[in-house]
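Chemist: Shown below is the structure under consideration.
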Number of protein chains: 2
Amino acid sequence: MKRPDPAHALLFLGLLRRQRMHGYQLHEFVDRDLASCTDLKRPTAYLLLERLAAAGWIERRTERRSRRPARRVYRLTPAGEAAFQRLLRENLASHAITRFPDDIGLAFLDLVPRREAAALLAVRRAQIAARLAAARAVPHPDGAQLVLDHLMHHLTAELAWLDRVRQRLRTRRGSPAPRTSSRPSTRRADGKELS
Amino acid sequence: MKRPDPAHALLFLGLLRRQRMHGYQLHEFVDRDLASCTDLKRPTAYLLLERLAAAGWIERRTERRSRRPARRVYRLTPAGEAAFQRLLRENLASHAITRFPDDIGLAFLDLVPRREAAALLAVRRAQIAARLAAARAVPHPDGAQLVLDHLMHHLTAELAWLDRVRQRLRTRRGSPAPRTSSRPSTRRADGKELS
DNA sequence: CTCCGGTTAGTCAGTTATGACTATTTGACG
DNA sequence: CGTCAAATAGTCATAACTGACTAACCGGAG
C-alpha cells in the first residue's frame, strides 16, 4: 500500500459524485462510517485530495464565506467520473491479499505453557466477540451495509477459527512433536469462552 | 501501523532466539514463509534490526569472513529474551482489527449494471479460489502451520461471503432498501453547508 | 583464467503518512 | 452578551517506508 491506495481514490470520487464536499467532511464520513474498511488519517485525506485535483479528477473551488479561513469545496469533473467508473470496476474485479500480523504470535505458541496460552487466547477471543457485538449494534451506516455485513461475517469466522485453535491446544499439544500426556479434556469444548 | 509494528519485532526476536542470523536471511525467511502474514520489505527489515539493536534487545557482531563487505550477524540478548516473552504474550492476548479496503467498491455496487457486476465479482471469486488452492498446495512452512491454516480458513469464509453477495445480486437488487435519495449523512454539517 | 548470470548483502534518496499544532466558528449557559 | 467547550478546517515538521541502486562473491561454460 505504498502508492496512494486506489481504493481511497475510488472512495473519494464516489462520495464527491454524490455531492460536493470539503476535506473535513470527507474525512469525517470515512472515519465514522467506514472505519472497518480503512484508516485514512486527516492529513492523508487532504493529501489525496490534492493529488486527485492534480490529476484533474476533481475541481477545487475556494469558498470565502464571512471571514473564515476559506474552505475548499471539491466537486467531480467529467474526467473524474470516468476514472471513478474505471476504478470501481477494477476494484470489484480484484481481491487484495489480507494479512494477519496477529498470526505471528501463533507461530511461537508452543513456547508458552499450555495453561497460560489458553488464558491469553481467551482474552483475544473476548476482544473479537466484543467487536462483533459492536458491529451488530451499529445502526446501519448509509451506504455501508455490505461493508458491515462483511465485517460481521469475517469476525464470526475468526471466532470459529480461534475456537478450533484453542480446542487443539486443549487436547493435542500445539503443533510440534506429537507429545503425549494430557489427560482427556475435562472441560467441554463449548465455544463459549473462559475456562 | 505507524510505530514500528510490534509484531515485526516479535517475529525477529523469535527467529533470532532460535539461531543467530543476519539481515538478509531474516528477510528471506519472512518473505518466503510468512508472506501471508506480513509484507516487510528489505530496507524496512534492516531498519527494524537497527532499532532492536538500539533497544539492546539484540547484539550485532560483524563477521569479516574472507574479504567480503562484512556481514552483520545478530543474536538475542537476555533483555531481548525478556522482551520477546512480553511481546509474545501481548500478541496472543490481542486481536488487531483487520481492514478490507476491497469493500469500498462494494459500497458503490449498485452503480454498475447487474449483469456486469456479476461478471466482475466472478473474477474476484476466481482470484480468491486461486489463492486458496495455492495455499493448499504449499508444502508446510516450518513453524507456520497455524498461519497457513488461518489463511485457508479465512479464504474459505471469503468465498462463502462473496457467494452470498452474488446470490443477493442475482435476486433482490443490490442490498439497500428501496433507496430514496441517499446522500452521505453528514450529521452535524447540515443543510446550512453547501447548496 | 575470465566472463557471466545468479545469489548474497546492504544502502540511500525520494515519497508517503501522521502526530501535534494553529485558528475560527458556533452553541449553551448564567 | 461574555466566556468556555466542542465542532470545524486545515497545515507542517518529522518519522517511516520503499524503489532503485551498488557491490562482492560463487560456480560453471568456454
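Chemist: Give me the distance in nm between label points sitting 7 Å out from Cα along the Cα-to-Cβ direction at A:Ala122 and A:Ala55, one decimal.
Modeler: For A:Ala122 paired with A:Ala55, the spin-label model returns 5.0 nm.
Chemist: Full extension from A:Ala160 to A:Gln19: what is 0.36 nm times the residue separation minus their Cα-Cα distance, to one decimal in nm?
Modeler: Values: separation 141, 0.36 × 141 = 50.76 nm, distance 4.11 nm.
Gain on stretching A:Ala160 to A:Gln19: 46.6 nm.
Chemist: With +1 assigned to the C-beta of every Lys and Arg and -1 to the C-beta of every Asp and Glu, and no other charges, what is the dipole magnitude of the stretch A:101-171 about the Cα centre in debye, to the nearest 20? Walk me through the numbers before you get to the answer.
Modeler: On the way: 10 positive and 8 negative charges, 87 e Å.
Computed charge dipole of the stretch A:101-171: roughly 420 debye.
Chemist: May I ask you to sort A:Trp57, A:Trp161 by Cβ crowding, counting other Cβ atoms within 10 Å and putting the fewest first?
Modeler: A:Trp161, A:Trp57
Chemist: Within the stretch B:34-66, whose backbone N sits under 18 Å from a point 7 Å along Cα→Cβ of B:Ala137?
Modeler: B:34-36
Chemist: About the Cα centre of the stretch B:1-122, what is the dipole size in debye to 20, counting +1 per Lys and Arg Cβ and -1 per Asp and Glu Cβ, all else neutral?
Modeler: Details: 23 positive and 14 negative charges, 207 e Å.
So the dipole magnitude of the stretch B:1-122 works out to roughly 1000 debye.
Chemist: Once the label point is set 7 Å along the Cα-to-beta-carbon vector, what list of distances in nm do you get between B:Arg86 and its counterparts in the other copies?
Modeler: Once sorted, the set of distances for B:Arg86 reads 5.1 nm.
Chemist: So, in nm, how far is label A:Asp39 from label B:Glu90 when the simple model puts each one 7 Å beyond its Cα toward the Cβ?
Modeler: That separation, rounded to one decimal, is 1.4 nm.
Chemist: Cα extents of the stretch A:101-171 along the three principal axes, largest first, in whole Å?
Modeler: Principal axes ranked by extent give 46, 19, 16 Å for the Cα atoms.
Chemist: Say a label goes 7 Å from Cα toward Cβ at A:Arg114 in every copy; what distances in nm does this one have to the rest, shortest first?
Modeler: 5.5
Chemist: Rounded, prolate or oblate, given the Cα gyration tensor of the stretch B:1-148, with a/c below 1.5 counting as rounded? Walk me through the numbers on the way to the answer.
Modeler: On the way: a/c = 2.57, a/b = 2.14, b/c = 1.20.
Taking the square roots of the gyration eigenvalues as a ≥ b ≥ c, the stretch B:1-148 is prolate.
Chemist: Taking the simple approach of a point 7 Å from Cα along Cα-to-Cβ for both B:Arg170 and A:Arg114, what is their distance in nm?
Modeler: If labels sit at B:Arg170 and A:Arg114, their model points lie 4.6 nm apart.
Chemist: How would you classify the stretch B:6-92 from its alpha-carbon gyration tensor, with a ≥ b ≥ c the square roots of the eigenvalues: rounded for a/c under 1.5, else prolate if a/b is greater than b/c, otherwise oblate? Provide the component values of the computation, followed by the final result.
Modeler: Numbers: a/c = 2.10, a/b = 1.29, b/c = 1.63.
Because a/c hits 1.5 or more and a/b fails to exceed b/c, the stretch B:6-92 counts as oblate.
Quick note: the coordinates plus some simple rules give every number you see, no bench work behind them. If you're wondering where the values come from, they're calculated on a predicted model, not measured in any experiment. Ideal geometry is used to build each Cβ from the backbone, glycine not excepted, and the neighbour counts take in all protein chains shown.
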